[in-house]
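Since every read-out is calculated from the coordinates, none of them should be taken as a lab result. Nothing here was measured: the structure is a model prediction, and the numbers come from that model. When we count neighbours, we look across all protein chains shown, and the Cβ atoms used for this are built from the backbone with ideal geometry, even at glycine.
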């Protein structure tokens, strides 16, 4: 039987920040002092305070490393999908307006 660690959503997100910070520092070959790391985590917590406050009330299983690694990809995918949806909405609006212009003024 596998025992899954439970934690609040806030704890899970801050733990994910720690793992992402370590991975980024290693990949970029950057050395940080413990004080710099603490400051970065405090800035993250300050910036996302509202979300972390809401996450306090949620119990979740510890996030697996694979999930942490996929977060940046998920964010990029989300931004790309938003851009595609915006373009489609823009195209539909133009088609709708063009259709109204043809019928309103009798067309050609």
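Starting with the highest mean, order 12-19, 78-85, 26-33, 41-48 by the number of other Cβ atoms within 10 Å, averaged over the residues of each peptide. Could you put the intermediate results ahead of the total?
Details: 12-19: 16.6, 78-85: 10.0, 26-33: 8.2, 41-48: 12.5.
Answer by packing, highest mean first, reads 12-19, 41-48, 78-85, 26-33.
Once the piece of chain linking residue 62 and residue 26 is laid out straight, how much longer is it, given 0.36 nm per residue of separation minus the C-alpha distance between them? All intermediate terms of the calculation are to be shown ahead of the outcome.
Details: separation 36, 0.36 × 36 = 12.96 nm, distance 2.24 nm.
Working it through step by step, the gained length comes to 10.7 nm.
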> Where a ≥ b ≥ c are the square roots of the eigenvalues of the C-alpha gyration tensor, would you call the stretch 1-63 rounded, which needs a/c under 1.5, or, failing that, prolate if a/b is larger than b/c, or oblate?
Replying inline: oblate
> For the stretch 1-63, what is the relative contact order in percent, using Cα pairs closer than 8 Å and at least 6 residues apart in sequence?
Replying inline: 71
> Relative to the present Cα-Cα distance, how much length would full extension add between residue 18 and residue 71 at 0.36 nm per residue of separation?
Replying inline: 17.7 nm
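Need the full-extension length gain, residue 90 to residue 51, defined as separation in residues times 0.36 nm minus the C-alpha distance. One decimal, nm. Write out the running numbers ahead of the final one.
On the way: separation 39, 0.36 × 39 = 14.04 nm, distance 3.11 nm.
Full extension of this stretch gives 10.9 nm more.
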